[in-house]
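The values are calculated or read from the model by the stated rules, or taken from the named source; none is laboratory data. Treat the numbers as computed from the prediction; the structure is a model and nothing was measured. Every residue, glycine among them, receives a Cβ derived from its backbone with ideal geometry; neighbour counts consider all protein chains shown.
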Amino acid sequence: MVHTGLGTASTAPPPVATRGLGTPPSPRRRSGERRGRLRRSVRRHWQLYLLVIPPLLYFLVFQYVPMANAIIAFKDFNVVEGIWGSPWAGLEYFERFFSNPMFTTVVSNTFLLSLYALIASFPIPIILALALNEIRARFFKRTVQMVTYAPYFISTVVVVSMAILILSPRIGLASDLTGFFGLPATDYLAQPDFFRHVYVWSEVWQTAGYSAVIYLAALAGVDPGLYEAAKVDGANRLQKIWHVDLPSITPTIVVVLILSVGSIMAVGFEKAFLLQNPLNLSQSEIIATYTYKIGIQNADFSLATAIGLFNSVINLVLLVAVNIVAKRVTGKGLW
Amino acid sequence: MVSAVLTKPNRTAFRRSRRVRESPVDRVFLVGVYILLTTFLIVVLLPLWYILVSSFSSPAAVSAGEVFLWPVDFTLRGYEVVFTNSTILTGFANSAFYTVAGTAISVTLTVMLAYPLSRADFVGRKILTGAVVFTMLFAGGLIPTYLVVQSMGMLDTRWALLIPKAVAVWPAILAITYFRTAIPDELREAGEIDGASDLRILWRVVLPLSAPMLAVIALMYAIVQWNSYFDALIYLRDDSLYPLQLVLRNILILNTDAGADVTAAIERQQLASLLKYSLIVVSTVPMMLIYPFVARYFTRGLLLGAVKG
């Protein structure tokens, strides 16, 4: 959902205030002018400046103060001396994390899980949207759209419980189906190898219909003239999809792809934590759940913060890098 | 007469060529598309249907795995247990409160942020927007945020679920975009000429025109608030404050005994297993009932932000 929002932020129209006609003013005059402009604007629109204070305080307190608090990753945090009073520890906690055998496990689990999720959940909404776009029967189209959209509104807790119930050995729906095909019953969730499949495919089940919406909208905006031209050239449906539909939604695909690749290390905590059990930990322990265990359960605040910081920095670097690549390749980026 | 002679063959030619366009290849392809979409439909519906029919089946049948596509020994026992369980009912009430109060706070703060930032004559708008958007790219992390919530004395209070995630960046961007593109500047100027203050213009002119956008962001916040459990998990100890999702997690995933009032151990166990299905249905039905009505707005909101990146 966070998708695609970034693009709009940078498209602000240029400020209208261009009073000084003729030669551009010197830098000093310009900064003085800006200050004057601020003063005049505040005097005239003081209510707006007052209005914006509470939400800005929110961002300061709950977003920027935590960023400053992250300094405890470099300190031996203890409650008595507090965040600023605790003694410096340098990179000790990072070293502890990197030398911990769990390091490779959680990093590779996180990476593999989201890579798998990306590969599985990226093309399916596109296929769904392209298929829906071919249908002219309104009732059928609406039904498919509404039904596939529905799981998006179900909570993670419920989706995971549904998965557990359906996959439970002997009594679940899955064992009915495998039994029907004569396959042996398995306890899927007790096997580490199945964790990723369950995670990824329940994700696809839940979000494919929702993610298709954005492509459907892009498809609705395709110039009808292109279809006419394709018809005149004698293109069949598949050729029309390949040569008209796909190129038309490529910009949307690129934006979605950038965002997914950029957030590849930011796998959410909620679902992995719920699907975890002692038997599948070797694959289900990811950075987010590990941070929770170290920080909240073991109360090792400095180590947990170091791990979290490591993850945040990787995310940021990935997003920036992907954006640069995307700009090079397609001439279109997020900012 | 000439025209009649000319048009008739032309028209048939046209019709024929049209039939040619829907070629056998295309027809086969279209059948394939229908099959594909029907498969999608079944794959999405089957799990939901299975849970639904199980919830109406007898505890014994559910525990024995006899239910497949139709209820076995129809009963409402599961629902009786759900609606007489005080933990679950408290969870429902708590979640209703968190959703209503949290959404009200979030929407108010988002509008307070977005309206000034949407105004071209608000100096510092770009820097502040940048500062807000940056929080989407980088965050302090779990523990640093926890420490802030702790130092504000919010741990184990209802505030912990209402305030720390009150404003999300995405709805804020949506609101800014909407205010800037959908509200004509002339209206504001007219209000200014009439001597209305900025607040009055916001309240009387801008907000009434922003109902669709407000509905969208309210829905976004409400759904997140109703469906999340993580903040409750880390910030709350007192189980009388638990939102429904945390109660669900304890019953459905950790298999905490829901305290069904039954003496026989086996029946109790069977009932506990049936209860899960009924509980899933009960907790999901509110969302399933409202979503067909809100999906349209939701889609519009999704697209509002996506127009031209």
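Only one of the numbered conditions (1) more than 14 Å from chain B (Cβ to nearest Cβ); (2) part of a helix (DSSP H, G or I); (3) at pLDDT below 85 is violated by residue A:182, and that is (2). The set of residues in the stretch A:312-323 that are in contact with a helix residue (DSSP H, G or I) (Cβ under 7 Å, 6 or more places away or on another chain) and more than 8 Å from chain B (Cβ to nearest Cβ) comprises A:318, A:322, A:323. Of the helices (runs of 4 or more DSSP H) lying entirely inside the stretch B:161-231, the ones with 2 or more residues being surrounded by 20 or more Cβ atoms within 10 Å (Cβ to Cβ) are found at B:169-182, B:198-201, B:211-227. Being under 23 Å from the mean Cα position of the chain (by Cα), over 26 Å from residue A:44 (Cα atoms) and not acidic (Asp, Glu) is a property that residue B:104 has. Taking residue B:147 as the residue in question, decide whether it is in a helix (DSSP H, G or I), in contact (Cβ under 8 Å) with a residue 24 or more places away in the chain and either β-branched (Val, Ile, Thr) or in contact with a helix residue (DSSP H, G or I) (Cβ under 7 Å, 6 or more places away or on another chain) (or both). Here the answer is no, as residue B:147 does not meet what is asked. When you scan the stretch B:89-100, do you find a residue that is among the aromatic types (Phe, Trp, Tyr), surrounded by 17 or more Cβ atoms within 10 Å (Cβ to Cβ), under 28 Å from the mean Cα position of the chain (by Cα) and at the interface with another protein chain (Cβ under 9 Å from one of its Cβ atoms), even just one? Checked against the condition, which is being among the aromatic types (Phe, Trp, Tyr), surrounded by 17 or more Cβ atoms within 10 Å (Cβ to Cβ), under 28 Å from the mean Cα position of the chain (by Cα) and at the interface with another protein chain (Cβ under 9 Å from one of its Cβ atoms), the stretch B:89-100 yields no hits at all.
Might you let me know whether the stretch B:192-214 holds any residue that is hydroxyl-bearing (Ser, Thr, Tyr) and in contact with a Lys or Arg (Cβ under 9 Å, 6 or more places away or on another chain)? No: the stretch B:192-214 contains no residue that is hydroxyl-bearing (Ser, Thr, Tyr) and in contact with a Lys or Arg (Cβ under 9 Å, 6 or more places away or on another chain).
Within the stretch B:35-51, take every residue that is of a type in the set (Phe, Trp, Tyr) and at the interface with chain A (Cβ under 7 Å from one of its Cβ atoms) and give me the one that is farthest from residue A:149 (Cα to Cα).
Per the stated criteria, the residue is B:50.
Number of residues in the stretch A:290-306 that are polar (S, T, N, Q) and touching a residue at least 24 places away in the same chain (Cβ under 8 Å) equals 2.
Consider the stretch B:240-271. How many of its residues are assigned to a helix (DSSP H, G or I), under 26 Å from residue A:276 (Cβ atoms) and modelled with pLDDT of 80 or more?
Here the count works out to 11.
Just one of the listed residues (A:83, A:126, A:119) is over 23 Å from the mean Cα position of the chain (by Cα) and assigned to a helix (DSSP H, G or I), and it is A:83.
Filtering the stretch B:274-288 to residues that are over 12 Å from the mean Cα position of the chain (by Cα) and more than 8 Å from chain A (Cβ to nearest Cβ) leaves B:274, B:275, B:278, B:279, B:281, B:282, B:285.
Inclusion of residue A:163 among residues that are surrounded by 16 or more Cβ atoms within 10 Å (Cβ to Cβ) and small (Gly, Ala, Ser) is warranted.
Listed conditions (1) among the aliphatic types (A, V, I, L, M); (2) surrounded by fewer than 19 Cβ atoms within 10 Å (Cβ to Cβ); (3) within 11 Å of chain B (Cβ to nearest Cβ) are all met by residue A:222, apart from (3).
Kindly indicate whether residue A:222 is in contact (Cβ under 8 Å) with a residue 12 or more places away in the chain and assigned to a helix (DSSP H, G or I). Taking the combined requirement at face value, the residue does not satisfy it. Number of residues in the stretch B:118-127 that are within 7 Å of another protein chain (Cβ to nearest Cβ) and outside any loop (DSSP other than H, G, I, E, B) equals 1.
The requirement of being polar (S, T, N, Q) and either within 10 Å of chain B (Cβ to nearest Cβ) or in a helix (DSSP H, G or I) (or both) is fulfilled nowhere in the stretch A:185-201; no residue meets it.
Looking only at residues in the stretch B:169-213 that are within 12 Å of chain A (Cβ to nearest Cβ) and of a type in the set (Lys, Arg), the one that is nearest to residue B:113 (Cα to Cα) is B:180. Residues of the stretch A:304-335 that are out of contact with any Leu (no Cβ under 7 Å at 6 or more places or on another chain), of a type outside the set (Val, Ile, Thr) and under 20 Å from residue A:267 (Cβ atoms): A:306, A:309, A:310, A:311, A:312, A:315, A:318, A:321.
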